[in-house]
Number of protein chains: 2
Amino acid sequence: MGGTVPQEPLDDWLEQLGSSAPTPGGGAAAALAAAAGAALVEMVVNLTVGKSAYAEHEPHVQPIGEQARALRQRALDLVADDAAAFDRVMAAYGLPRQTDEEKTARTAAIQAAAADAARPPLQIAEVAARVIELSAALPGRSNRNVLSDVGVAASLAGSALESAAINVEVNLGALKDEGVRDGLRKELTAHLIARELGREVVSNVLQGVSS
Amino acid sequence: MGGTVPQEPLDDWLEQLGSSAPTPGGGAAAALAAAAGAALVEMVVNLTVGKSAYAEHEPHVQPIGEQARALRQRALDLVADDAAAFDRVMAAYGLPRQTDEEKTARTAAIQAAAADAARPPLQIAEVAARVIELSAALPGRSNRNVLSDVGVAASLAGSALESAAINVEVNLGALKDEGVRDGLRKELTAHLIARELGREVVSNVLQGVSS
């Protein structure tokens, strides 16, 4: 899997997602949702910048597009990172466990791999939280004709954040070191603050397009 | 755009999503989220069927995988349908409006195209609602090791449903015929019932993987 995934045809990638192959899985799907949310923020910016009706908002909107572009690329990189981290966890579980030395080494390897494997979903959560914040900065300044796309961006990024949180928790569940676990969970909690903001954007957009 | 979209490389497709090109847009992104949710349901089924620990649940779980597979394909088809319907709306707005006859014809064409354009997002909402229902039927019967993926499936399908609803509303906003509008909104409301179920699945999974 690894770094080649994002270049695959969309339908093939979804076929692999649906297969019994261990990667891509939910972590990769979360990253994809974050990437799609970031892309929609970019689209809205691209349909705002250069239009005379929104000229006064251009200094505000332009950097949002640039940040969204960087976040989209980062989300795609995390698809590969997530798969690689998962593969290392599986490899650790596969280590020999005949002797006491082997058992100790295997347990340590599993713990290290599980702590590392919580990283990519944590980073996906961070990217998703940033995409939500960018989407929240658009209404009132971006092209009104594509307000609906702002709402879809916030919704997808919200789901990416939620999905990433599920995947962080799975990896924390395997961790015995409370200190490491609490530290990682604290980081996750910080990213999860954006969840409510995402819900507000969706709700405001739904109201805006319905009226 | 049209039927060729799903065969494009994932990163190229996201690049197009982010561009100022009118399609793919939020409707296509909603369909992609529904397809990814369906694929994760399939994955969970593929990692459950054939395992002795879950043999008793196989008659229940197997058809869920088959339905999810069909829904994934349908979601991908709807990416193309949504783009085509959007193009017809744009074409209607581009009709000449010099004479009274032209104005009348243009208005009628816009109304017909807008009513048609509400169809694909309505169908995306329906697919997403079905994916949520399938995900809700898995916990307790599917492979416990991939419970997190059930949660991600429900979350993505929930976002697809929400996003599709935003896109239906946008199209309804352009409709002057109250009867047509109310009929379409009634259909949407029926699909939106699954939203709460999706939230429950996510919440239960999050609890299940954290404990």
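Worth a mention:
- Rounded to 10°, Cα long-axis angle of helix A:58-93 versus longest principal axis of chain A: 20
- The stretch between B:ASP177 and B:SER52 holds 39.3 nm of extra length on full extension. This uses 0.36 nm per residue minus the Cα-Cα distance.
- Kirkwood hydrodynamic radius of region B:160-208, from inverse mean 1/r over distinct Cα pairs, in Å: 12.2
- The B-A contact accounts for approximately 4200 Å² of buried accessible area, totalled over both chains at a 1.4 Å probe radius.
- Protein-protein interface of region A:126-165, residues with accessible area decrease of at least 50 Å², isolated chain reference, 1.4 Å probe: A:VAL152, A:SER155, A:LEU156
- Equivalent-ellipsoid semi-axes of the protein assembly as shown, from the Cα gyration tensor, Å, largest first: 39, 23, 17
- Cβ-vector label at 7 Å, A:GLN7, separations to other copies in nm: 1.9
- Solvent-accessible area per residue in region B:1-76 equals 36 Å², computed with a 1.4 angstrom probe and all protein chains kept.
- The accessible surface of region B:46-96, taken with every protein chain in place and a 1.4 Å probe, is 55 percent carbon and sulfur.
- The C-alpha atoms of chain B define a longest principal axis, and helix B:194-210 lies at about 40 degrees to it.
- Label-point spacing for B:ARG88 across the identical copies (point 7 Å from Cα in the Cβ direction), in nm and ascending order: 5.2.
- Model label sites at B:ARG199 and A:THR107, defined 7 Å from Cα along the beta-carbon direction, differ in position by 4.3 nm.
- Legend: calculated FRET efficiency, B:HIS60 to A:LEU95, from the Cβ-Cβ distance at R0 = 56 Å, rounded to 0.05, equals 0.95.
- Between this copy and the others, label points of A:GLY179 are 7.4 nm apart in ascending order, each placed 7 angstrom from Cα in the Cβ direction.
- Computed over region A:116-211: relative contact order in percent, which uses C-alpha pairs under 8 Å that are six or more apart: 44
- Relative contact order computed over region A:76-172 (Cα-Cα under 8 Å; 6+ residues apart), in percent: 32
- Note on region B:8-163: Kirkwood hydrodynamic radius from all Cα pairs is 17.1 Å, rounded to one decimal.
- Overall dimensions of region A:113-211 by Cα: Rg and Dmax, Å: 15.7, 52
The values are calculated or read from the model by the stated rules, or taken from the named source; none is laboratory data. Computed from a prediction, not measured in an experiment: that's the story for all the values here. In this analysis, Cβ positions are derived from the backbone assuming ideal geometry, glycine residues included, and neighbour counts consider all displayed protein chains. Heads up: the accessible areas ignore ligands, DNA and RNA and are worked out on the full protein's heavy atoms, side chains in. Shrake-Rupley method; radii C 1.70, N 1.55, O 1.52, S 1.80 Å.
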